[in-house]
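The values are calculated or read from the model by the stated rules, or taken from the named source; none is laboratory data. This structure is a prediction, so every number in the text was calculated from the model and none was measured. Glycine also receives a Cβ, built like all others from the backbone with ideal geometry; neighbour counts cover every protein chain displayed. Calculation scope for accessible area: heavy atoms of the full protein, side chains included, ligands and nucleic acids excluded. Shrake-Rupley method; radii C 1.70, N 1.55, O 1.52, S 1.80 Å.
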Amino acid sequence: MAFIELLAPAGDLARAKVALDFGADAVYIGGKRFSLRYRASNFEVSDIAEAVEYAHARGKRIFVTVNMIPHQGDLPGLKEYLLELQSIGVDAVIVASLGIASLAKQVAPKMEVHLSTQLSITNSESMRFYKELGVDRIVLARELNLDTIEQIIDQNVLPVEVFIHGGMCVNYSGRCTLSNEMTLRDANRGGCAQSCRWSYDLHIAGEKVNPSDVPFSMGSKDLMALGSIEAMMKMGVYSLKIEGRMKSAYYIGVIVRAYRQWIDAIHAGLNTPVLYNAIINELKQAESRPTFDGFLTSMPDQNGHLYHPKEEGVVQNFVGNVLEQKDDRILVEMRNLVSIGQALECFSYHQDPQAFTITAMWDEEGQVLEVANKPMSKVWIQCDVDARAGDFLRKKNT
Ligand code: SF4
């Protein structure tokens with residue numbers, strides 16, 4: 001089977017490095033301008049340049065989202081920004097506006113132009129049109145099943161990228177003004193407040209139908225396409241894309257590592273049901289919402305709907321980041337409560353999860369702790385496994 005790219009998101013430089021270290025072939029990031037999610041971006045141009053250097057040193061690539069739908073007043077500075085991205089070696093821009101695509105091709109032709117899923121591209125004729133404009137890659141609409149994706153690839157027009165994991169937009173790939181109406185934040189200019197996932201009451205003919213302790217949401221479950229990866233590889237999908245530029249480093253590490261493992265296993269013919277189930281369990285370690293497989297194998301029905309924004313079954317077991325290792329202790333920047341006796345797992349890109357049990361903890365002043373319960377505090381934990389700075393710590397499922 002041919003090479004297939006694993007493409008991961010990152011909201012800052014540290015997360016970009018995590019994605020690359022944990023096995024992504026390419027990372028997409030957004031700058032502080034011209035990008036959806038620009039409010040959450042921590043990428044100054046100097047950070048983008050460092051991400052490019054880090055990726056290229058490892059034979060990997062960096063794409064930058066320039067994917068807002070620009071209004072006339074958004075245009076000043078765009079040309080200079082594209083030139084700047086090209087000058088620091090960015091490999092591609094991901095755009096949702098044909099105007100930006102055209103401008104990028106004119107002023108910064110060394111960068112590839114990838115058309116965003118925001119353009120809802122669902123057929124090969126559209127792709128032929130965009131190819132004429134010089135576009136290099138198409139991010140297909142999420143609203144396609146595997147048969148249609150294969151039919152599109154068989155037309156051999158342009159490389160295609162397909163979303164495999166992460167949040168779904170319950171409207172047609174961002175063609176939505178919920179956020180605009182409810183928060184005055186424009187979803188297509190970087191401001192989506194995810195209003196579809198808020199808690200609502202549902203009234204039918206004036207009668208409230210959801211139980212008073214169970215709010216209703218208009219959102220979708222998240223996408224999880226592990227079961228379709230082999231089919232996508234066989235049909236010639238070029239790039240498998242993980243959603244989530246606002247997700248944590250832990251999330252990115254777990255999800256990228258899991259898909260990397262499965263793609264490599266398929267290449268090696270080692271993709272057994274036992275490994276599949278192990279990877280499914282691993283993906284669940286970082287779930288923030290329940291998942292389904294989107295449109296890939298069938299039209300979504302009520303089982304894909306996120307009725308309750310805080311549905312059961314979501315694992316939240318991340319404990320913290322290892323900052324330092326000294327003798328038999330590790331210094332951890334805490335995220336969630338742990339107590340003496342808690343079974344933990346330490347893992348990283350360089351090794352599989354290693355289990356140990358907390359036998360002693362101290363705060364930074366050396367005071368003994370029975371419970372560590374302050375998020376972002378630094379706590380020394382007794383640890384008898386090989387843990388290093390940069391590793392992740394989580395509660396072990398029992
Ligand atoms: S509010 Fe929900 S449906 Fe609308 S653009 Fe945002 S994520 Fe999509």
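Okay, which of segment 89-114 sit inside 14 Å, backbone N to the point 7 Å along the Cα-Cβ direction of HIS56?
Those under the cut-off are 89-92, 110-112.
May I ask for the Kirkwood hydrodynamic radius of segment 319-395, worked out over all distinct Cα pairs and given in angstroms to one decimal?
Computed over segment 319-395, the radius equals 11.9 Å.
Please compute P(r) over all alpha-carbon pairs of the chain, binned at 20 Å starting from zero, and give each bin as a whole-number percent.
Answer for the chain: a P(r) of 25, 56, 18, 0 percent.
Send over the Kirkwood Rh of segment 3-93, from the inverse of the averaged 1/r over different Cα pairs, rounded to one decimal Å.
13.1 Å
Carbon and sulfur together cover what percent of the accessible area of the chain at a 1.4 Å probe radius? Don't jump to the answer; show the numbers that get you there.
Working: 8870 of 17930 Å².
About 49 percent, which is the carbon plus sulfur part of the accessible surface.
Counting pairs of alpha carbon atoms under 8 Å apart in space and at least six apart in sequence, what relative contact order in percent does segment 319-395 give? Before the final figure, lay out each step's value.
Working: 191 pairs, mean separation 34.0, N = 77.
Averaging sequence separation for qualifying contacts and normalising by length gives 44 percent for segment 319-395.
Taking the alpha-carbon centroid of each part, what is the distance from segment 315-387 to segment 80-105 in angstrom?
Going from one Cα centre to the other spans 43 Å.
Which value at 222 nm does the chain reach when only helices count, each DSSP H run of 4 or more adding -39,500 (n - 2.57), with the total divided by all residues and rounded to the nearest 500 deg cm²/dmol?
Theoretical 222 nm ellipticity from helices: -8000 deg cm²/dmol.
Please give the net charge around GLN351, taking every other residue with its beta carbon less than 13 angstrom from that of GLN351, where Lys and Arg add +1 and Asp and Glu add -1.
Working: positive: ARG257, ARG388; negative: ASP21, GLU345, ASP352, ASP386, ASP391.
Every neighbour counted, the sum reads -3.
Ranked highest first by the average count of other Cβ atoms within 10 Å around their residues, in what order do 158-167, 97-106 fall?
158-167, 97-106
Once fully extended, how much extra length lies between ILE340 and PHE3, figured as 0.36 nm per residue of separation less the alpha-carbon to alpha-carbon distance?
Stretched fully, the ILE340-PHE3 segment lengthens by 116.7 nm.
Take the Cβ-Cβ distance between SER212 and LEU83 as r, set R0 to 56 Å, and report the resulting FRET efficiency rounded to the nearest 0.05.
0.50
By how many nm would the segment from GLU132 to ASN277 lengthen if fully extended, with 0.36 nm per residue of separation less the alpha-carbon distance?
Answer, rounded to one decimal: 47.8 nm.
How large is the dipole of the chain about the Cα centre if only Lys and Arg carry +1 and Asp and Glu carry -1, each at its Cβ, rounded to the nearest 20 debye?
With only Lys, Arg, Asp and Glu charged at Cβ, the dipole is about 640 debye.
Of LYS131/LYS241; LYS17/LYS396; LYS17/LYS284; LYS60/LYS374; LYS32/LYS247, which sit over 27 Å apart, Cα to Cα?
As for pairs spanning more than 27 Å Cα to Cα, those are LYS60/LYS374.
Counting pairwise Cα distances across segment 60-131, what percent come out greater than 15 angstrom?
51 percent
Would you mind telling me which residue in ASP25, ASP363, ASP293 has the biggest mean-square fluctuation in a Gaussian network model of the chain, where springs connect alpha carbons within a distance under 10 angstrom?
ASP363
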